[in-house]
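In what follows, a structure is listed as structure tokens, so that the remarks can point back to it.
What follows draws every value from the coordinates through simple rules; no lab data is involved. Predicted, not measured: the structure shown is a model, and the values here were computed from it. Cβ: placed from backbone, ideal geometry, glycine included. Neighbour counts: every protein chain shown.
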Amino acid sequence: MSINLSNSKPSNRLENILIIGSGGRENSLAWAIQKNELVKKVYLIPGNAGSDRINKCERIKVDINNKNVLVKKLDFLKIDLIVIGPEIPLANGLADFLRKKEFKVFGPGKDGAKLEYSKSWAKEFMQGANIPTANFWKVNSLDEAKKIIHLSSLPLVVKADGLASGKGVFIPDSKDECIRAAESIFNGKFGKSGHVVVLEEKIQGPEVSVFALCDGKRYKLLPTAQDHKRLNEKDKGPNTGGMGAYSPAPLLKQDHLDRIIKEIIDPTIDELNKKNIDYKGVIYFGLMITKSGPKVIEYNCRFGDPECQTIMPLMDQNFVLLLEKCSMGNLIGDEKIYTPDKVSGCVVATAKGYPHEYKTGFPIKIGKIDTVDCQIFDSGTSLNKNGELITDGGRVLSIVCQDKDFDMVFEKAYKNLKEINFNGIYFRNDIGHQVRKNFSKGN
Ligand code: AMP
Ligand code: GLY
């Protein structure tokens, strides 16, 4: 039975939760959600092999694009709340569809997801609301791009407008490279996502991720985080989905955060309202702290991965209640996000070759792992015919630890990571280097 939001008070029942998505992010959401004793079952569509190790969790095989079958299944399972993890179903309007079927959904509709699925739209949105961001040019052809690149005296960043699994941003070192990047996008490297290109002024500064849980009008901020996007130590090598993260980000003192709220977060919510976009979900603000103040690098309509894995262990049992309130437009504004007096850090283990070509199917051996303040969240794993855990993705799993300070966190994370092995395992040893007092730069 779906919940009738229009005719009656929405049910307060919160027994059966559904999470859509297959990554480490979704497993960490499931892990935090199951903490609440009201929650009896957490279903994941499709989840991965790691979902099976989480209390109360069960994987469900349903094609989310087969809408009739999906709704029948959700009715049968008496789903009380749906959390949509990844951007693609959100961009395809899955939240709108499920809301029309009277489910409570945490995740924006297609209109809100546009913050992520069209970079040019997001830039115009920011321009309209006077939200600080890098200067930009939206271009529709290679000729147009070439003109701007030739005329520009500043270094530029080249971006495909649409979704490109984190691969659509180029940071060229020369004008020639800039043109080649624009050319490759217009030549179809990202299909329809590259029909429009955004050229941006290259800005500089440390990056932080800020997450706002929104109910359409109000929001609550989660602890901040910083991730490591580059593949190799010393933040070198190609960009990846994220090789590790830590939370909260000590870089953001309260006065920074106050400025971010005033100049970026509040104006974003106001502009969404002005545009009649009823945003019920998380807004991920990817920020750069430049010399002239914080600027938005990008918006995402979902939790960051691996920031989510890092933040979720800091949440208490009330987290799922916040998601539910957002889904119903019911935040009061004085909700407290209780966080322990601890910090959290996450190291991602990848397959050899990631973010380029890699092989899958290698058995994963997990030895003796600390059980307190230490979690393994699988990102790309499955079970083979014999029920053994095997690698099944580029980012395979992450280890997340909490402790009093970041030195203790990462000492524990790396100690436990030694207990995990698979053919070709790769991870960075310097995750959190900025916040580890004992970290030797010579490492
Ligand atoms: P995005 O997918 O838009 O987050 O971009 C991926 C990464 O590219 C960001 O995390 C930044 O490190 C970098 N980047 C994006 N836009 C800019 C910019 N305008 N200036 C400098 N670096 C950028
Ligand atoms: N960690 C970056 C992202 O999720 O896009």
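Structure values in brief
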quantity	calculated
Listed residues LYS217, LYS336, LYS101, most fluctuating in the chain (Gaussian network, C-alpha, under 10 Å)	LYS336
Residue with peak Gaussian network fluctuation, the chain [Cα springs, cutoff 10 Å], from LYS100, LYS262, LYS253	LYS253
Karplus (6.51, -1.76, 1.60) ³J(HN,Hα), θ = phi - 60°, over the stretch 337-352, in Hz, Gly and Pro reported as x	9, 6, 10, x, 7, 9, 10, 9, x, 9, 10, 9, 9, 10, 7, 4
For the stretch 253-327: rounded, prolate or oblate by the Cα gyration tensor [a/c cutoff 1.5]	oblate
Most mobile of GLU58, GLU37, GLU263 in a GNM of the chain (Cα contacts under 10 Å)	GLU37
Cα-projected label distance for ASP341 with GLU37, points at 7 Å along beta-carbon direction, nm	2.6
Farthest toward positive dipole pole in the chain [+1 Lys/Arg, -1 Asp/Glu at C-beta], among GLN375, ALA129, PHE422	PHE422
3J(HN,Hα) from dihedral phi, the stretch 267-274, Karplus parametrisation 6.51/-1.76/1.60, rounded to Hz, x for glycine, proline	x, 5, 5, 4, 5, 4, 5, 4
Amide H partners (placed H, <5 Å) of ARG302, local residues excluded	TYR284
Extension gain, LYS385 back to LYS100 (0.36 nm per residue minus Cα-Cα distance, nm)	98.6 nm
Residue list for the stretch 121-162, given a label point 7 angstrom along the Cα-to-Cβ vector of ASN187 and an amide N cut-off under 20 Å	139-150, 157-162
³J(HN,Hα) computed for each position of the stretch 184-201 - Karplus, 6.51 cos²θ - 1.76 cosθ + 1.60, integer Hz, glycine/proline x	5, 5, 5, 7, x, 3, 10, x, 4, 5, x, 5, 10, 10, 10, 9, 10, 4
Efficiency of FRET from Cβ geometry, TYR414 and THR371, R₀ 22 Å, rounded to 0.05	0.80
Loop GluC sites (Glu not before Pro), the stretch 349-443 (other Cβ atoms within 10 Å of the site Cβ: 16 or fewer; DSSP)	GLU357, GLU388, GLU419
Relative exposure of VAL396, VAL320, judged by other C-beta atoms within 10 Å (fewest first)	VAL320, VAL396
Exposure proxy ranking, count of Cβ atoms within 10 Å, fewest first, for TYR354, TYR279	TYR354, TYR279
Residues whose placed amide H lies under 5 Å from that of GLY244, excluding near-sequence neighbours	HIS228, VAL348
The stretch 124-139-the stretch 335-350 distance, computed between alpha-carbon centres (Å)	32
Cβ-based exposure ranking for THR350, THR339, in which fewest neighbours within 10 Å come first	THR339, THR350
The chain, helix-only ellipticity at 222 nm - DSSP H runs n ≥ 4, -39,500 (n - 2.57), divided by all residues, nearest 500	-7500 deg cm²/dmol
